[in-house]
Amino acid sequence: MEATKGPEDVVAVDVHKAKDLLSSGHLYLDVRTVDEFNKSHIENALNVPYIFITQEGREKNPDFIAQVSSICKKDHHLVVGCQSGGRSSCACVDLLNAGFKHVTNMEGGYSSWVDNILTSEKSAEKCACKFRP
């Protein structure tokens, strides 16, 4: 039996490498909330929230793996992103432990994508993020 995967097992790339991967056929899995996703997102992104914001606070989506499995195969090449990179890193660990083979975390998340890739596009809305300076 394989050992449980941890954060150290997650491959992470910067947004420029992520853009190259997406251009070569990788799928982008956005794990932000539906509200965050609906404000603005990377073209052709798939959205499966990793965390829900509830009255009790932040709660992990109990159906995350099942929902991803319903739209992605375990051998698909996935670039996973959130707003700043934290949720997506955790999501990558869960995906690896569920048997997904090709999972990459986009460092800096959508905030970094907007800052580095979409700086010239007016359509991208920069979302507030507590981790941003």
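The values are calculated or read from the model by the stated rules, or taken from the named source; none is laboratory data. Quick caveat, the model's predicted, so the values are computed rather than measured. Cβ placement follows ideal geometry from the backbone for every residue including glycine, while neighbour counts extend to all protein chains displayed. The area values use the complete protein model at the heavy-atom level, side chains included, leaving out ligands, DNA and RNA. Shrake-Rupley method; radii C 1.70, N 1.55, O 1.52, S 1.80 Å.
Some points to look at:
- Taking the criterion of being polar (S, T, N, Q) and more than 23 Å from W113 (Cα to Cα), the only residue of the range 83-103 that qualifies is N97.
- Residue count, the range 64-96 (criterion: open to solvent by 60 Å² or more (accessible area, probe 1.4 Å) and touching a Gly at 6+ places or on another chain (Cβ under 9 Å)): 2
- Filtered residue count, the range 21-61, keeping only those that are part of a loop (DSSP other than H, G, I, E, B), open to solvent by less than 40 Å² (accessible area, probe 1.4 Å) and more than 17 Å from K73 (Cα to Cα): 7
- Taking the conditions (1) assigned to a loop (DSSP other than H, G, I, E, B); (2) at pLDDT 90 or above; (3) closer than 16 Å to L22 by Cβ in turn, L118 satisfies each one other than (2).
- Within the range 1-20, the only residue that satisfies the criterion of being open to solvent by less than 90 Å² (accessible area, probe 1.4 Å) and either in contact with a Pro (Cβ under 9 Å, 6 or more places away or on another chain) or free of Cβ contacts under 8 Å to residues at least 60 places away in the same chain (or both) is A3.
- Any chance V34 is in contact with a helix residue (DSSP H, G or I) (Cβ under 7 Å, 6 or more places away or on another chain), at pLDDT 95 or above and hydrophobic (A, V, I, L, M, F, W, C): no
- Taking the criterion of being within 9 Å of the chain's Cα centre (by Cα) and either of a type outside the set (A, V, I, L, M, F, W, C) or within 13 Å of L27 (Cα to Cα) (or both), the residues of the range 87-103 that qualify are R87, S88, S89.
- Residue in the range 97-112 that is most open to solvent (accessible area, probe 1.4 Å), counting only those that are under 15 Å from A12 (Cα atoms), small (G, A, S) and part of a helix (DSSP H, G or I): S112
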